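All remarks here apply to the structure that follows.
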């Protein structure tokens, strides 16, 4: 990952964490193996209906507690905090179906001219970045008022 991109992401995450009063700063960079393990673990957690717990705990571990999710020890801490049984998660991370989904997501991002998260698409409208929340809300309001298929 280019250094400029990494610094942008950290700066943006720090800003959002301060705004929402979320602990942030002791970081264990998840790029590479850690990120892949988190994606695989997320797909397993989804089968257990614990995907949101996993995301919350992985985020805290990586960006506030400095826990290295590229290691089994680190991922076991996240699993336990998220209410997942470590041996089952460890086995579930061997399923590589997530790679197909990730490839599909990357292709869709590329087609939209974007490179990362958060990205949302509603019809032909594409939104990227936390600083575009206001535009997303405004567009949803416009679509609702225009009766373009939204029901509120």
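With 101, 111, 57 as the choices, which residue is touching a helix residue (DSSP H, G or I) at 6+ places or on another chain (Cβ under 8 Å), exposed (fewer than 12 other Cβ atoms within 10 Å of the Cβ) and within 24 Å of residue 129 (Cα to Cα)? Spell out the reasoning first.
On the way: 111 fails: touching a helix residue (DSSP H, G or I) at 6+ places or on another chain (Cβ under 8 Å); 57 fails: exposed (fewer than 12 other Cβ atoms within 10 Å of the Cβ).
Among 101, 111, 57, only 101 is touching a helix residue (DSSP H, G or I) at 6+ places or on another chain (Cβ under 8 Å), exposed (fewer than 12 other Cβ atoms within 10 Å of the Cβ) and within 24 Å of residue 129 (Cα to Cα).
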| In region 85-98, how many residues are in contact (Cβ under 8 Å) with a residue 12 or more places away in the chain and either in contact with a helix residue (DSSP H, G or I) (Cβ under 6 Å, 6 or more places away or on another chain) or farther than 23 Å from residue 34 by Cβ (or both)? | 4
| query | Name the residues in region 40-50 that are under 13 Å from the mean Cα position of the chain (by Cα) and over 15 Å from residue 76 (Cα atoms), would you? | reply | 43
| Does at least one position in region 61-71 carry a residue that is exposed (fewer than 15 other Cβ atoms within 10 Å of the Cβ), modelled with pLDDT of 90 or more, touching a helix residue (DSSP H, G or I) at 6+ places or on another chain (Cβ under 9 Å) and not assigned by TED's automatic domain parsing to the domain that holds residue 129? | yes
| message | Criterion first (within 23 Å of residue 13 (Cα to Cα), in contact with a strand residue (DSSP E or B) (Cβ under 7 Å, 6 or more places away or on another chain) and surrounded by 16 or more Cβ atoms within 10 Å (Cβ to Cβ)) does residue 120 satisfy it? | response | no
| Has region 137-149 got at least one residue that is surrounded by fewer than 16 Cβ atoms within 10 Å (Cβ to Cβ) and within 30 Å of residue 26 (Cα to Cα)? | no
| said: Go through region 72-113 and report how many residues are on the phi > 0 side of the Ramachandran plot and modelled with pLDDT of 95 or more. | reply: 1
| Does region 20-31 contain any residue that is surrounded by fewer than 20 Cβ atoms within 10 Å (Cβ to Cβ), under 22 Å from residue 116 (Cα atoms) and at pLDDT 90 or above? | yes
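The values are calculated or read from the model by the stated rules, or taken from the named source; none is laboratory data. Model, not experiment: these values are computed from the prediction. Methodologically, a virtual Cβ is constructed for each residue, glycine included, from the backbone with ideal geometry; neighbour enumeration extends over all protein chains shown.
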